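S.K.: This is the structure I have questions about; it appears just below.
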Amino acid sequence: MKLFIVLPILIPFATAIVSLFVRRWILAQRILGAVGAAGLLGAALVLLRMVEGKGIQVVQIGNWPAPYGITLVADLFSSIMVTLAGLIGFAVAVYSLASMDTQREKFGYYTFLHIMLMGVCGAFLTGDLFNLYVWFEVLLISSFVLMALGGERAQMAGALKYVTLNLVSSALFLAGTGILYGKVGTLNMADLAYKLSLEPQSNLISSSAMLFLIAFGIKAAIFPLFFWLPDSYHTPPVAVSAIFAGLLTKVGVYAMIRAFTLFFVQDVGFTHTLILVLAGLTMVTGVLGAVAQNEMRRLLSFHIISQIGYILMGLGLFTSLALAGAIFFILHVSIVKVALFLVSGVVERLRGTGQLKELGGLYRAYPCLAVLFMIPAMSLAGIPPLSGFFAKLALVKAGLEMQQYAIVITALGVSLLTLFSMIKIWGEVFWKPEPTKSEYICSEQPQILKKTQILFLSPIVLLAFLTVLLGLAAEPFFTLATRAAEQLLDPSEYIHAVFGGKP
Amino acid sequence: MDTILAIVIGGLFAAGFYSLLRRSIVKLVIGIILLSNATNLLIFTASGLTRGRPPLVIEGADALAHPHADPLPQALILTAIVIGFGVLAFVLVLVHRAYQTIETDDMDKIKGIDT
């Protein structure tokens with residue numbers, strides 16, 4: 001039973017190791033890459049079911065009792081996130097089978113993909129602050145490699161910025177951890193929550209809370225710390241962009257939600273109001289940046305930022321409905337974002353460019369692809385009955401209940417601008433006639449696409465189907481998100497589970 | 001001792017961030033080294049310095065005598081040093097490779113070529 005908590009870490013680890021052993025045999029690596037990701041998804045679903053039925057699951061690694069050993073904790077929120085990681089890992093692994101060049105595959109693309117997935121799952125499952133740092137480093141260093149793998153000019157420039165800013169964030173995270181340990185004397189999250197709840201509110205704790213806010217904020221790309229993201233996310237191959245867009249910023253957001261619901265809750269009036277303000281600014285700057293862009297993947301990168309704002313809005317409002325909305329929003333936006341990036345990859349493959357000016361006429365040439373773009377794009381903008389609508393509805397409703405009208409108006413306005421920029425892509429890429437002077441059309445590439453068409457399109461179809469499903473059958477998912485949010489708001493259940501009954 | 005170390009840590013952080021803001025990518029690497037060392041020292045100092053009191057149970061006693069050095073921060077630093085070393089090795093290779101590909105070490109010139 002306890003095994004299922006460790007499996008989401010073990011499966012990608014084993015996959016990565018085995019694919020190192022078969023590194024000269026690319027076919028085996030490819031099969032392993034896809035099967036391993038499917039295995040992760042399966043294990044994550046089992047874990048989610050178990051947590052849903054039996055409550056929070058805990059494993060003490062090495063059998064050391066709670067505050068001394070490393071604890072792995074799977075509550076509903078983390079098992080939802082692990083499931084999301086499995087789903088996106090699987091979609092991207094399948095897409096990589098079609099899109100990744102053999103050069104990158106030879107140099108261990110699948111190995112690093114799976115090490116990154118291991119880091120992501122570890123970060124979601126750990127119950128120890130220092131351990132969280134270690135998992136962050138695991139996923140960061142493999143994401144550095146994925147970012148730089150291939151060594152193209154643009155990739156190098158992108159990777160330099162990505163690496164530097166993320167290392168600064170790690171240093172600040174570690175500094176915050178050190179100060180917190182000096183003050184409280186523990187790094188086990190449940191123990192922290194317990195000890196900090198006894199502590200009268202102190203400036204030293206608020207100062208390390210702010211260090212954590214900045215450290216996680218850089219990783220989550222919130223305002224004003226997001227500049228590395230749109231400068232780097234469009235440089236690597238599309239499959240890599242897609243998994244970064246879907247998962248990595250969400251790890252930062254996850255860490256932020258975990259920290260600011262479990263143990264940094266002494267001074268909600270200050271910290272969560274600050275988060276709310278940052279949320280509004282993140283939404284606005286992200287979407288304004290997106291509106292100004294003329295390249296598909298850059299435009300989508302800016303949308304990652306503005307969507308992070310919505311999730312933070314849920315955290316800042318800090319009610320059960322708002323947090324449920326935030327969790328539902330994470331699910332929705334990861335799925336939709338990955339689908340959009342994958343579509344942009346297919347477009348780039350078909351036309352050899354992502355520049356909106358040089359594209360056009362794709363609706364006439366590939367109507368199915370146009371539909372596959374339209375579904376996630378409308379979902380991102382929040383058109384009913386797709387998933388984005390319900391996610392935003394919950395957040396707006398929570399905002400109105402808390403009488404935070406400024407953030408509600410911002411959220412609705414940003415939603416409109418999102419719709420505008422999605423329609424801009426639609427109009428430029430799919431609707432307008434193909435530009436006559438286009439020298440970029442490669443006559444051979446669609447042929448290559450024919451052979452691997454199904455691998456290109458099936459992940460997009462799966463994700464598009466899921467966003468429709470999340471919209472049409474929102475209720476069971478939303479109930480799950482609400483239960484996860486209630487667990488987050490009541491840390492005593494978490495603390496109780498980690499210490500096995502003893503306080 | 002705490003005060004001196006606090007000043008040293010502050011100086012290291014300042015020097016690290018200053019180097020990160022320089023235009024040369026070699027100084028960027030130096031900045032990263034300084035930052036990770038400053039952080040390690042910070043963990044060491046923040047958890048309290050206790051001299052000459054190893055956390056060992058004396059023969060005959062069944063618990064630690066109270067003022068003793070906390071071994072945990074040192075374990076954390078050890079982990080952080082190892083991780084920092086690995087990351088630094090990667091950054092060095094990346095910077096070298098970037099220099100070869102882009103043919104400049106000036107961050108201002110690297111700025112425009114990410115398309």
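The values are calculated or read from the model by the stated rules, or taken from the named source; none is laboratory data. Please read these numbers as outputs of a predicted model, since none were measured by experiment. Neighbour counts run over all protein chains shown; Cβ positions are idealised from the backbone, glycine included.
S.K.: What residue, of B:LEU64, B:LEU76, is within 30 Å of A:ASN188 (Cα to Cα), surrounded by 11 or more Cβ atoms within 10 Å (Cβ to Cβ), within 9 Å of chain A (Cβ to nearest Cβ) and among the hydrophobic types (A, V, I, L, M, F, W, C)?
M.R.: After ruling out the rest, the residue left standing is B:LEU76.
S.K.: Just name the residue that is surrounded by the fewest Cβ atoms within 10 Å (Cβ to Cβ) out of those in the stretch B:1-31 that are at the interface with chain A (Cβ under 10 Å from one of its Cβ atoms) and of a type in the set (Phe, Trp, Tyr).
M.R.: Checking each candidate, the answer is B:PHE17.
S.K.: Determine which single condition B:THR101 fails, assuming it passes every other condition in (1) more than 8 Å from chain A (Cβ to nearest Cβ); (2) assigned to a helix (DSSP H, G or I).
M.R.: So B:THR101 meets the others, but not (1).
S.K.: For A:VAL240, are the conditions met, namely being in contact (Cβ under 8 Å) with a residue 24 or more places away in the chain and under 17 Å from the mean Cα position of the chain (by Cα)?
M.R.: yes
S.K.: Can B:VAL93 be described as assigned to a helix (DSSP H, G or I) and either more than 7 Å from chain A (Cβ to nearest Cβ) or surrounded by fewer than 16 Cβ atoms within 10 Å (Cβ to Cβ) (or both)?
M.R.: The answer is yes for B:VAL93.
S.K.: Could I ask something else about it? For residues that are among the polar types (S, T, N, Q) and without any contact (Cβ under 8 Å) to a residue 40 or more places away in the chain, scanning just the stretch B:38-61, find the one that is surrounded by the fewest Cβ atoms within 10 Å (Cβ to Cβ).
M.R.: B:THR50
S.K.: Any residue in the stretch A:174-191 that is away from chain B (no Cβ under 13 Å), assigned to a helix (DSSP H, G or I), in contact with a helix residue (DSSP H, G or I) (Cβ under 7 Å, 6 or more places away or on another chain) and buried (at least 21 other Cβ atoms within 10 Å of the Cβ)?
M.R.: Yes; the residues of the stretch A:174-191 include at least one that is away from chain B (no Cβ under 13 Å), assigned to a helix (DSSP H, G or I), in contact with a helix residue (DSSP H, G or I) (Cβ under 7 Å, 6 or more places away or on another chain) and buried (at least 21 other Cβ atoms within 10 Å of the Cβ).
S.K.: Mind checking which residues of the stretch B:37-61 are on the phi > 0 side of the Ramachandran plot and within 13 Å of chain A (Cβ to nearest Cβ)?
M.R.: B:GLY48
S.K.: Something else now. Could you run through the stretch A:126-160 and say how many residues are at the interface with chain B (Cβ under 8 Å from one of its Cβ atoms), over 18 Å from the mean Cα position of the chain (by Cα) and of a type outside the set (A, V, I, L, M, F, W, C)?
M.R.: 4
S.K.: Out of (1) outside any helix (DSSP H, G or I); (2) exposed (fewer than 14 other Cβ atoms within 10 Å of the Cβ); (3) touching a residue at least 40 places away in the same chain (Cβ under 8 Å), what's the single condition that is false for A:ALA406?
M.R.: With (1) outside any helix (DSSP H, G or I); (2) exposed (fewer than 14 other Cβ atoms within 10 Å of the Cβ); (3) touching a residue at least 40 places away in the same chain (Cβ under 8 Å) applied to A:ALA406, the lone miss is (1).
S.K.: Is it true that B:LEU34 is of a type outside the set (Val, Ile, Thr), touching a residue at least 40 places away in the same chain (Cβ under 8 Å), within 11 Å of chain A (Cβ to nearest Cβ) and under 27 Å from A:LYS161 (Cβ atoms)?
M.R.: No.
S.K.: Test B:GLY31 against the stated conditions and say whether it is over 23 Å from B:GLY86 (Cα atoms) and either within 20 Å of the chain's Cα centre (by Cα) or small (Gly, Ala, Ser) (or both).
M.R.: Considered against the rule, which asks whether it is over 23 Å from B:GLY86 (Cα atoms) and either within 20 Å of the chain's Cα centre (by Cα) or small (Gly, Ala, Ser) (or both), B:GLY31 comes out as no.
S.K.: Quick check: anything in the stretch A:161-169 facing chain B (nearest Cβ under 10 Å), part of a helix (DSSP H, G or I) and within 30 Å of A:ILE5 (Cα to Cα)?
M.R.: yes
S.K.: Which of the residues that make up the stretch B:79-90 are within 9 Å of chain A (Cβ to nearest Cβ) and β-branched (Val, Ile, Thr)?
M.R.: B:THR79, B:ILE83, B:VAL87
S.K.: Applying the selection to the stretch A:245-267, what residues are assigned to a helix (DSSP H, G or I), within 15 Å of A:ALA190 (Cα to Cα) and not basic (Lys, Arg)?
M.R.: A:ALA255, A:ILE257, A:ALA259, A:PHE260, A:THR261, A:LEU262
S.K.: State which residue pairs qualify: first residue more than 14 Å from A:VAL240 (Cα to Cα) and at pLDDT below 90 and inside the stretch A:332-354, second residue assigned to a helix (DSSP H, G or I) and polar (S, T, N, Q) in any location, beta carbons under 8 Å apart, and separation of 6 or more residues or different chains.
M.R.: A:ARG349/A:SER99; A:ARG349/A:GLN445; A:LEU350/A:GLN445; A:GLY352/A:GLN445; A:GLY354/A:SER344
S.K.: Could you say whether any residue in the stretch A:92-105 is closer than 29 Å to B:VAL29 by Cα and within 14 Å of chain B (Cβ to nearest Cβ)?
M.R.: There is no residue in the stretch A:92-105 that is closer than 29 Å to B:VAL29 by Cα and within 14 Å of chain B (Cβ to nearest Cβ).
S.K.: Something else about it: Hey, A:SER79 hits all of (1) in contact (Cβ under 8 Å) with a residue 24 or more places away in the chain; (2) surrounded by fewer than 22 Cβ atoms within 10 Å (Cβ to Cβ); (3) polar (S, T, N, Q) but one; which does it fall short on?
M.R.: All conditions are met except number (2).
S.K.: Among the numbered conditions (1) buried (at least 24 other Cβ atoms within 10 Å of the Cβ); (2) in contact (Cβ under 8 Å) with a residue 60 or more places away in the chain, tell me where A:PHE216 comes up short.
M.R.: Every condition holds for A:PHE216 apart from (2).
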